[in-house]
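What follows is a set of notes on a single structure, which appears directly below.
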Amino acid sequence: MTRQGRTKEKPPFEPGLIPAPGELLVWRDAQHFDRWQDLPCTLCGQPTPMRSHSGEPVHKACAEGWIIANPVEARRGRFAPKPKSKGQGDHA
């Protein structure tokens, strides 16, 4: 007999801050908006006040489209931070 949990396949993505394909980025934090300056989006070139977690100017919709088109590179954390691996907590 096999355990019930072992028969399930691993999901195609790891849970974390980078959305699964078809889901949306959560950019509610003020760090994602520059109220003083619009800069050209790194993907479409149109002005945007939006910023990625690393400060890169990009429309949220452009970033979500890029994540869908580039799922492997998206896991490296271009427009959303990479999930923290175990053992890298915020402990002092």
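None of the figures in this text is laboratory data; all of them are computed from the coordinates on show. The model shown is predicted, which means the values in this text are computed figures rather than measured ones.
For this structure, a couple of remarks:
- Per-residue HN-Hα couplings for region 68-78 [Karplus 6.51, -1.76, 1.60; θ = phi - 60°; Hz; x = Gly/Pro]: 5, 6, 10, x, 5, 5, 4, 5, 7, x, 5
- For THR48, the residues whose modelled amide H falls within less than 5 Å of its own, excluding neighbours fewer than 5 places apart on the same chain, are LEU39, CYS41.
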